[in-house]
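Participant: Please see the structure below; I have some questions.
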Amino acid sequence: MLIRSFRLGDYSAITRIWQDTNLDRSETESLDALATQLAWDSELVMVAEQDGEVVGVVVGTIDGTRAYFYRLAVDPKVQKSGIGRKLVEAIETRFRQRGVNRVLIMVNQDNEEVIPFYHSLGYELQKYVTLSKKLSS
């Protein structure tokens with residue numbers, strides 16, 4: 001398995017993975033968010049490739065010495081084989097190389113089955129409440 005930076009040709013594979021794992025938004029919203037991240041820092045969009053096929057993706061961003069990753073997804077056909085763990089380790093390495101000292105992630109509260117996965121990677125549940133407001137329609 002190879003963990004590498006995103007290439008433009010990966011777009012259809014990662015959007016399929018996001019759809020198959022219920023992480024998809026509208027196609028336009030996904031493309032716009034991905035394009036913004038790629039323009040800002042393309043090295044923080046990483047994919048897992050196995051036998052020439054993209055099987056996982058993670059998107060990271062940095063805010064000073066804190067970093068966030070989101071939209072971590074692995075093709076359901078190969079989940080539970082260590083790909084998600086390898087993607088997290090790879091994005092954490094990139095964060096460390098850039099001076100990050102804290103990584104934060106947000107998990108949908110309805111996605112409780114992923115909490116043990118993150119615990120196994122050393123992430124701890126924090127007592128924050130996230131509020132949001134949509135500014136455009």
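Participant: Could you estimate the translational diffusion coefficient of the range 51-109 from the Stokes-Einstein equation, with Rh from the Kirkwood formula over C-alpha pairs, at 25 °C and 0.890 mPa s, in whole µm²/s?
Facilitator: Calculated translational D: 200 µm²/s.
Participant: Let me ask something additional. One-quarter of the Cα convex hull surface for the chain, in nm²?
Facilitator: 8.9
Participant: For the residue pair VAL78 and TYR11, what label-to-label distance in nm results when each label sits 7 Å from Cα along the Cα-to-beta-carbon direction?
Facilitator: Label at VAL78, label at TYR11, 2.2 nm between them.
Participant: For GLN126 and SER42 in one chain, what is 0.36 nm times their gap in residues minus the Cα-Cα distance, to one decimal in nm?
Facilitator: Computed gain between GLN126 and SER42 is 27.4 nm.
Participant: How would SER12, SER42 line up from fewest to most surrounding beta-carbon atoms within 10 angstrom?
Facilitator: Ordered from fewest to most neighbouring Cβ atoms within 10 Å, SER12, SER42 come out as SER12, SER42.
Participant: Using the per-residue mean of other Cβ atoms lying within 10 Å as a proxy for protection, in what order, highest first, do the peptides 47-58, 116-127 fall?
Facilitator: Descending mean neighbour count gives 47-58, 116-127.
Participant: Also, quick follow-up: Work out how much length LYS133 to VAL107 would gain on full extension: take 0.36 nm times their residue separation and subtract the Cα-Cα distance, in nm to one decimal.
Facilitator: 7.6 nm
Participant: When the helix-only estimate is applied to the chain (DSSP H runs of n ≥ 4, each -39,500 (n - 2.57), divided by the residue count), what is the mean residue ellipticity at 222 nm, nearest 500 deg cm²/dmol?
Facilitator: Dividing the helical sum by the residues of the chain leaves -10500 deg cm²/dmol.
Read-outs: derived from the displayed coordinates by stated rules, not from any lab. Small disclaimer: the values here were computed from a predicted structure and weren't measured. A quick note on method: Cβ atoms are made from the backbone with ideal geometry, for glycine too, and the neighbour counts reach across all protein chains shown.
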